[in-house]
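Undergrad: Pasting a structure here, questions to come.
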Amino acid sequence: MKKSLFADISLLMVALVWGSTFVLVQNAIATLPPNAFNAIRFFLAAFILGGWLLVFERKQLQQLNRSIITSGLLLGGWLFSGYAFQTVGLLYTSSSKAGFITGLSVVLVPLFSLLLLKQKPSRNAIIGVSIATIGLYLLTLTDMTSLNRGDALVLACAIGFAMHIIFTGRYSDKFPTLLLTVIQIFTVSILSGLLALLTEDYSLAFRIDILLEKNVLIALIITSVFATAIAFFAQTSFQKYTTPTRVALIFAMEPVFAAITAYVWANERLTPHALLGCFCIFAGMIFAELPMKKKPSISKDEKQVI
C-alpha cells in the first residue's frame with residue numbers, strides 16, 4: 001500500500017473519531033464548562049504522550065531546541081484558536097451555521113496553501129473542494145442571510161483550524177513526531193486553562209464530583225486518549241505523506257460522521273438534504289483522490305506535420 005493512501009485512510013479514521021465523539025463532548029460540557037473541559041482533555045493527552053516520550057522515545061528529547069519549541073507553540077496556538085473561537089462563537093450563532101462555517105476550512109486550506117506555501121491545488125482537488133462545500137451547506141442547511149458576530153468568531157475558528165493543517169504539513173517532516181505533538185497539545189491545554197480562568201467558573205474543574213460524573217468522565221477518557229493523543233499524533237505522523245488540501249477534504253468528513261453518530265446514538269433524524277450533503281462531502285473527497293489525466297504528448301514528427 002502506498003504511503004499516501006495509508007496516510008489518507010489513517011486521517012479518515014481520525015475524522016471518524018472526532019465525529020463520533022461529538023455527542024460525548026456535547027453531553028460533557030453541559031456539566032463542565034467547555035474551556036475547562038478542553039484544558040483537562042489536552043492536559044491528559046499531553047501527560048499520556050509525554051509519559052510515552054520519557055519512557056520509550058527519550059532519544060527525541062536530544063532534539064529539543066528553540067526551533068521545535070517555537071513550531072510546537074505555533075501549532076498549539078492555531079489549534080487552540082480553532083477550539084476557543086468556536087466555543088465563544090456558539091454563544092451567538094446556531095450550531096448549524098457554526099458547523100457550516102467551521103467546515104469552510106476545506107476552502108481556506110487550498111487558498112492558504114497557495115498564498116503561504118505556493119502549492120497550487122490540482123483541478124480535481126478544486127472540484128472536490130467545491131462539491132464538499134455544497135455538501136456542508138446541505139448537511140447543515142445554513143441560513144446565511146443574517147450574519148452576526150458569532151459567525152465572525154466561528155470564521156476565525158475555521159481560519160485557526162485551516163492554519164493548523166497548513167503548518168502541520170510544513171513542520172511534520174522536520175521534527176520528531178512525538179515531541180512535536182506533545183508540545184502543541186500541552187500548549188492547547190495551558191491556553192485553554194488560562195481562558196477558563198478568565199471566562200468560566202474554573203472551580204468546577206477541581207470538583208471531584210463533577211469530574212467523576214458519568215458523562216464527563218467517559219468523555220474525558222475517550223477524547224483525551226483517542227480524539228486527542230492518538231488523533232493528533234496520527235495527524236502529525238501521516239500528514240507529511242499527503243497534501244494540506246487532501247487533509248482538509250478528509251477532515252470535512254467529520255460532520256458526516258457526527259451526523260451518523262447522532263442518528264445512531266442520540267436518535268436524531270437525518271433529513272433527505274442532510275443525506276445528500278453527506279453524499280456530496282464523500283463524493284468530493286473521492287473525486288479529489290482521482291488521478292489526473294495526463295495530456296497526450298505530441299512528438300516532434302507530429303509537430304512538423306501540423
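Throughout, read-outs are computed from the coordinates displayed, never taken from laboratory work. Please read these numbers as outputs of a predicted model, since none were measured by experiment. Here the Cβ is made from the backbone with ideal geometry for all residues, glycine too, and neighbour counts use every protein chain on show.
Undergrad: What is the log10 of I(q)/I(0) for the chain, computed with the Debye formula using one identical point scatterer on each Cα and no solvent, at q = 0.10, 0.12, 0.16 Å⁻¹?
TA: Log10 I(q)/I(0), no solvent term: -0.56, -0.80, -1.41.
Undergrad: Here's another thing I want to ask about it. What residues of segment 209-248 lie in the reach of a label at THR31, counting those whose backbone N is under 16 Å from a point 7 Å from the Cα along Cα→Cβ?
TA: Of the residues in segment 209-248, 209-224 have backbone N under 16 Å from the label point off THR31.
Undergrad: I need to check one value: relative contact order of the chain, counting alpha carbon pairs closer than 8 Å and at least 6 residues apart, in percent. Don't skip to the end; give the middle numbers.
TA: On the way: 437 pairs, mean separation 122.0, N = 306.
With pairs under 8 Å counted, the relative contact order is 40 percent.
Undergrad: Any chance you could check the Cα centroid distance between segment 70-110 and segment 206-268 for me, in angstrom?
TA: Here the two parts' Cα centres lie 15 Å apart.
Undergrad: Order of VAL216, VAL154 from fewest to most other C-beta atoms within 10 Å?
TA: Numbers: VAL216 22, VAL154 26.
Listing VAL216, VAL154 from fewest to most nearby Cβ atoms yields VAL216, VAL154.
Undergrad: On to the next question. Roughly what would the spin-label model give for ILE9 and ILE126, points 7 Å off Cα along C-beta, in nm?
TA: Here the modelled spin labels are 3.2 nm apart.
Undergrad: Put a dot 7 Å past each Cα toward the Cβ at LEU114 and PHE56; how far apart are the dots in nm?
TA: 4.2 nm
Undergrad: Among VAL129, SER67, GLY19, whose Cα sits farthest toward the positive end of the charge dipole of segment 3-290 (+1 at Cβ of Lys/Arg, -1 at Cβ of Asp/Glu, about the Cα centre)?
TA: The residue sitting most towards the positive pole is SER67.
Undergrad: Based on alpha-carbon centroids, what's the gap between segment 113-158 and segment 13-60 in Å, whole number please?
TA: The two parts, judged by their Cα centres, are 26 Å apart.
Undergrad: A follow-up question, please. Counting only trypsin sites (Lys or Arg not before Pro) that are in a DSSP loop and have at most 10 other C-beta atoms within 10 Å, tell me the longest site-free stretch of the chain.
TA: On the way: sites that count: LYS2, LYS118, ARG269, LYS293, LYS294.
The reported range is 119-268.
Undergrad: Hey, which of these cross-link pairs are over 24 Å Cα-Cα: LYS3/LYS97; LYS97/LYS118; LYS120/LYS240? Could the numbers behind the result be given before it?
TA: On the way: LYS3/LYS97 36 Å; LYS97/LYS118 31 Å; LYS120/LYS240 17 Å.
Table pairs above 24 Å Cα-Cα are LYS3/LYS97; LYS97/LYS118.
Undergrad: Contour minus end-to-end for LEU270 and SER146, with contour as 0.36 nm per residue of separation and end-to-end as the Cα-Cα distance? Numbers along the way, then the final one.
TA: Working: separation 124, 0.36 × 124 = 44.64 nm, distance 2.48 nm.
Full-extension gain reported as 42.2 nm.
Undergrad: Taking a cut-off of 20 Å between Cα atoms, list the aspartates and glutamates near LYS2, but don't count ones fewer than 8 places away on the same chain.
TA: Cα-Cα hits under 20 Å: ASP173, GLU289.
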